[in-house]
Structure formats: structure tokens, C-alpha cells
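Right, one structure below, let's go through it.
Every read-out reported here was derived from the displayed coordinates using simple, explicitly stated rules and does not represent laboratory data. Because the structure is a prediction, the values reported are computed rather than measured. Cβ sites come from the backbone with ideal geometry, for glycine too, and all protein chains shown count toward neighbours.
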Amino acid sequence: MTQQQTARRLSAALQQGVTRRRFLKWTLVGGAGVAAAAAGGFALLRLSPLDDQPEPDWADGLSRQEYHLFDRARVALLPTVGTDLTPSSQVPVVHNVQHILGFMGAATRKDVATGLSLFDNGAVFFHGKRFVDLDEATARDYFDAWGRGNVIQRTLATVIKQLTYTSYWRDESTWAAVEFDGPVSEQWGLAYLGNAPLPDETSLNQESTV
Amino acid sequence: MSEVQWRSSGLPVTQAKDVTQSSLTLDADVVIVGSGAGGAVTGYELARRGKKVVILEAGPYVPSQEFTERFPESLEALYQDHGGQTNKSGDLLVLQGACVGGSTVVNACVCFRTPDFILEDWQRDFGLSDLTSEEMAPYFERVEKNLSIEDNKEHEIARHGQLIRAGANKLGWSVKPFKRNIRDCALTGHCLSGCKTERKQSMLVSYLPWATAHGARIYADSRVTEVLAENGRARGVRAEITGHDGNKVADMTVNAERVILAAGAVQTPLLLLKSGLANRSGQVGKNFACHPSLYVSARYPEPVHAWRGAMLGVYVDEFLHPDQGGFVLEDGGAGLAELTMTAEPGTGEPFMAFMEDAKYLGGLVTLIHDHNVGTIRWEDGRKVIDYQLANADFPSMKRALKAAARLHLASGAEQVYVPSSDKRVIRSEADIEQAVEGLENAPQHLRMVSYHPQGSCRMGADPDTSVVNADGESHDVKGLYVADASLLPTSIIVNPQVTVYALATRIAERMA
């Protein structure tokens, strides 16, 4: 099934008023998700105003859709209002996500791209708009619903959360608020001990067995 | 025998950047694939006996001084698949070192001898009659002495360990300090990122420099692609040397009459399968186990700072024997990146509140005696770790989880977070049953990590049901050995590094 065929099938289902339960059974369990993976990803089920907003120049390892998805995930998953935590807008979260994804092999990266597109488009069936266009509270509900969902849903919700969380907390600017020390050896002036001395081989060599 | 040339720091390693030829051919008595626990120990033990040894490591050489003590960066630099190695369904992170020194560089220093009852199982079920406690004891003693393995001293039991110990005592459960392979621990808490100041006695600062002192040569960035054999005898390996930019620098052939595979329980069977060797039994890649573990975090009323102090202080062995449950609870430190992966406290504000209180979190690691139900194989040119927690093991996992929750509560924790994909918080003993029994053994429901892949080229007396014999030698190909955790015919419940060191010492001795 090609990408366009997949999109047409999903669009047709949407127009026929397919239920959420049927969508999940058909798309996620019934194998269309896998077919989409083989086809290289979904086309967009519904346009977003963000589709016209280009990603930053540095985001050459993310598609435009992926950039906006992770930026929305950043806002939804990392609220800091009313806390001493560093606002996520001051942390290169999406840049760090791109960095992590850059380590993936081509085949895995392609699977992830398909999954991200599925996550984005899946929101159309639940909320009438793509994930990138959900408000923060609805986006969080969407994550929670997928966290309670089937295997593919749980996988995608977990993967996106973990990428986003790690990309925030790996940044040094987030540490002071929670008293995380980070690297300490140089700060403490610890001495390098070097290699361990050779074992006493005289005794070893005298043994026929240990 | 040539002069011994021990150096006080660093390792003489040939890296891709040092290679100027497009093709290399080396001759050796023994070529060893992998430089971790099995490769380094066999390398030293054979080199000091005068054998000409070449050690090939697929990962990079990263000197200790370059360790960053930043876990996400360390995952990318030092671990297999840059920290992204998982089982087929993606719900089990399989962490293995992929650098010179292998997993010994990034483990948490925990040292256990193989439990006697495990050795008895091996004798009874796999015909490994030589591997008795008495036979193994001198090998354990040697590696314990060589690697400064001792009980944690009181100052090495961090706040999180002190809390857990007090809770265990309150419950009347047996709790002990860990033994660790470390000299003068600096209490940085960064074990999993490599020990920057060379206190952890990993292979990087012990057996590998000792092996090179006796003339062994180490090549990093060198992935073995095929084991070579003729007429039922090993004759060497083919490898590719690849630069850090991903471009191949050179092809390499090492001619040797002895080949030791010590690339770990995932890579070793993959290499054998790719080479089409040593699989008359059909067992190569089968019987994979991995101690799927959970990190059970809990919020305490006082600051714990789980990232401060020695990472692992004490463990509860009350349930170690299979008749008592077949699991171990280990007090475990963690940094911020690790903590984000451990629990599902809720999305958005609840998660950020959980992390804002990170200094109040303590953790327990559960290890279970899992059945050998997994398979390592190739599928369309991609490696596959086909392992799901067996239904037979799920009750054990739940018992371990319940015990961890009880222990946290007895230690004073206010909330225990079940490491599941949905939010489950335990606040009292009355909550435990419902929170844990409601779990399903389904992919992506539990957040599991494996640090101990094992069993995928098991040893045994019967060539029809095992890959290698008790001396680590292939039943099918003379001169071809396995000397890593692939050997272990059953999972051993406890951290396996000392088991591998001891078996590798024995294998080398019997080869020489």
C-alpha cells in the first residue's frame, strides 16, 4: 500500500464516520499501521496551520511535521508555570530530540517517522484535529488515552514522552532547580588512579592450575 | 617470553584513525572477538602464558579521562546502539557496553559469585559435572583478588541504601552490603557513565592493560563479520575497521588456530549465525535470558539525592533461592535521565512535580530468575532480540514488585511508583495487591531494562542440546570458543560479571 493509498483509506474511513474503536482495531491492530510503515508513512489526514510554518534551519534531521509534533509535545509534557523549573522554551528540547534520533539506523528511523505520523494523525479520530493543533490539556489527555491503549499506542506514547523528557532533563540548565549535581570528578579535583598494578604473577605461574 | 611492559595509564589500542592501509592481515595464536569481561580475561590469561593474542573490539576506545559523567551522552558514546538496543517489541531496553572494555566499563560494579544452587542446576540439567562450587572457588578467588572485590564499607552505603537497609531490618529480611570491584570509590554516583577517575576495576584499567603488558594487541572500531573455519577447525576471522564517521577504513583478516567469541550474548550468536558455524544443535541464539529488571522508585519524606554516593549499597537476598521467590532486590541510585524512564506519575504537571521532587526519590532494582525463552536472530538483515517476559515469569516479576513496594514502605516511603505504562501509585500496604495484580503481562505495559543478556550459546555436555562444552569449546568446530555470558545455560539471578570472569579464566587455562 502506498502512502497516498493509505491516506485515502484513512480519509475515506473518516468520512464514513468510523468509530474510534473500529479505527483502532482496523488501523492499529488490524495491520494498517504496519502497512503504513512499509509504505513509508502517512500522508496528512487533516491540514494544520503549522504545515505552512517552516522548521528552523537547524532542524534538518526532522521533517516539518516531526518538528511541530515535538514542539507541541514539549509544551504539553513539560509545563513549568508556578515552579522553579527552567521553562522548556529556554531548553533546546527539540534540538536534543533530533540529536537522539540521529543515532538511529535508517530502517528504525523510518519506522519511528511512520509512528510519529500515526500519532499526529490519530488525534483526528479522537479530537477532530491533529496532535500538533491540540491545546495543552487535550494533548495531555491524548497522551494518557494512548498510554492506556493497545501495544502500538502505548509504544508511541512512551517513545515520544521519553524522547521529550530526556531531551529536557539532559540539559544542564535544568539541574540546579532539583539539586542535581551533574559531573563532579573534575569539580571535586579527584585524582586519576590509572591502571591497576599487575597481579603477582610469580605465584600464578607456579600453579599448574589455579 | 618477551619483556612485560605494563603502563600506568591508558591502553595501546589501534583505532580506525591509526590505520592507513585498506587491507590488513595479522597472524596470531588466538584471536578474541570482544574486549569485555570474557575477552579481556582470556586475553590476559593467554598472553601471560606466552600466546600471541589479538583482541578485536567493534566499539571505540574511549579513555577514562574522556568520560563525561553525563548519562545521556554516555549512552550515545559507550553503549550498544548508542543506548537504543531493545527487544523486538521495544518494551525492554537491553543495555550493553560497546567500547573497549565492554559492559565492564559501564556496569555498577556489583559482584556475586554464581549461586551454588545454580551450579547444581547446571550439573544436573546440562551435564556440567565439573562446574562444582569447589572447582569454581579458586577461579572466583583469583578474580576477586585481581579486581579488588570487597564488601562495601559503611561510607559506601549512600542515603538510599541506608534507608533500604533499615526497612529490610524492620521487616526481618536478610540484607547485605554489595561486594564491588572498586579501589577507593570516590562516591560520584556515575558508574553507568564509566568511572572517570579509574576507581572501578573494569577491564579498561585491569585485564586489558595487563594483557597488552604481555604483548596482546587490541584493535578498536573493528567489527568481526565472519568466523573462518576449515575442515571442522577454526582458522581465524574477517573484520571491518570502520571510522567514527561510519565509513569503512579497512578490511582485516586475522589468521589464528584459536578463535574466542566474547562479544556478548547478543553479538556472539549473531556472528555465529552469520558465519553458519557451530550450530549443529540448532541452539545458537536460542535460550536467551536477560534478568528483566524494574527500577521501582519511591518518594521519601526526606531528601535522598539518589545520584549522590556509591550507586549500589545493599541488597536483599531473602528471596534469592527459587524456592523463596527467585528474585533479588538491589538498592539503586539514579540520575535525572534514568528517573524520567522509571515511572508514569501522570502527564504534564504530575510528571514535572515528580521530577521537581527528584531529590526525595529512592529506588530499588528487581532482578528475577527468568526462563531462557528468548531468541537472538537475523531478520531481513537486522538483528532481532525476540524476548518477551514469559507468562511463567510474570508471577515472579509481580512478587518482586510487591516485595519492593513493601520494602520501600517499611523504609519510610510515602509513595511507591509502579514502573508501568499507566499511572499506578502505592501509598500503603493495602494498595499493593490491587496495583500489582492489575498489571498485565503485555508488551509495553512494564518499563523493563536488562543489564544482563545471557544464555544464547549455552554450554552443556550434550552436543545435541548445547553449543559449547564445559571448557567453552564448540562441539562442532575445534578451536572455536565462547567465553562470555552466552555460555550460561540458565539465568543466574545475580549480576553475572564475576561468573563470566571466572569461567573465562578457566577456559583460558584449559586452552593453554
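See the values below:
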quantity: Average partner coverage of B:435-445, which counts Cβ from other chains inside 10 Å; calculated: 2
quantity: Residue-count net charge about B:G83 - beta-carbon cut-off 14 Å; Lys, Arg +1, Asp, Glu -1; calculated: -2
quantity: Cross-link reach list, lysines versus A:K129, counting only Cα pairs under 23 Å and skipping chain neighbours closer than eight places; calculated: A:K25, A:K161
quantity: The stretch B:247-262 - phi-based ³J(HN,Hα) in whole Hz, Karplus 6.51/-1.76/1.60, Gly and Pro as x; calculated: 8, 5, 9, 7, 8, 9, 10, 10, 8, 7, 7, 10, 10, 10, 9, 9
quantity: Long-range amide H partners of B:Q415 with built H, under 5 Å; calculated: B:R299
quantity: DSSP bridge pairs, chain B: antiparallel proportion in percent, nearest 5; calculated: 70 percent
quantity: Shielding by partners - mean other protein chain Cβ count within 10 Å, residues of B:491-499; calculated: 0
quantity: For residues of A:182-189, the mean tally of beta carbons on other chains within 10 Å; calculated: 6
quantity: Inter-site label distance for B:D245 and B:S148 at 7 Å from Cα along Cβ, in nm; calculated: 4.0 nm
quantity: Centroid-to-centroid separation of the stretch B:396-438 and the stretch B:225-246 [C-alpha atoms, Å]; calculated: 48 Å
quantity: Phi-based couplings in Hz for the stretch A:180-187 (Karplus 6.51, -1.76, 1.60; Gly and Pro marked x); calculated: 6, 7, x, x, 10, 4, 6, 4
quantity: Distance in nm between pseudo-label sites at B:F394 and B:W6 (7 Å out along the Cβ direction from Cα); calculated: 5.4 nm
quantity: Mean projected area in nm² (Cα convex hull; one quarter of hull surface) for the protein assembly as shown; calculated: 30.8 nm²
quantity: Cα convex hull volume per residue for the stretch B:110-251 (Å³); calculated: 219 Å³
quantity: Local electrostatic count at B:R510 - Lys and Arg +1, Asp and Glu -1, tallied over other residues with Cβ under 9 Å; calculated: -2
quantity: Hz values of 3J(HN,Hα) by residue in the stretch B:463-479 - Karplus curve (6.51, -1.76, 1.60), Gly and Pro given as x; calculated: x, 7, 10, 9, 9, 10, 8, 5, 8, x, 8, 4, 5, 9, 10, 5, x
quantity: The stretch B:3-103 - Debye-derived log10 I(q)/I(0), Cα point model, q = 0.22 Å⁻¹; calculated: -1.26
quantity: Extension reserve of the B:A137-B:A166 stretch, reckoned as 0.36 nm per residue once the Cα distance is removed; calculated: 7.2 nm
quantity: Summed side-chain charge close to B:E226 - residues other than B:E226 whose Cβ falls under 12 Å, Lys, Arg +1, Asp, Glu -1; calculated: +2
quantity: Cross-link pairs beyond the 26 Å C-alpha cut-off, checked among B:K88/B:K274; B:K248/B:K286; B:K179/B:K383; B:K145/B:K402; B:K51/B:K478; B:K359/B:K423; calculated: B:K248/B:K286; B:K179/B:K383; B:K145/B:K402
quantity: Along chain B, longest interval not containing exposed GluC sites (Glu not before Pro), exposed being DSSP loop plus at most 11 other Cβ atoms within 10 Å; calculated: B:4-439
quantity: Quotient of Cα Rg and 2.2 N^0.38 Å for chain B, N being how many residues it contains; calculated: 0.94
quantity: DSSP-defined beta bridges in the protein assembly as shown - what % are antiparallel, rounded to 5; calculated: 70 percent
quantity: Simple spin-label estimate for B:D130 and A:K110 in nanometres, 7 Å along Cα-Cβ; calculated: 4.8 nm
quantity: Under-5 Å amide H pairs with B:A229, H placed in peptide plane, nonlocal only; calculated: B:R235
quantity: Under-5 Å amide H pairs with B:Y79, H placed in peptide plane, nonlocal only; calculated: B:A98
quantity: The stretch B:399-426 residues near the modelled B:S89 label - backbone nitrogen below 13 Å, point 7 Å along Cα→Cβ; calculated: B:421
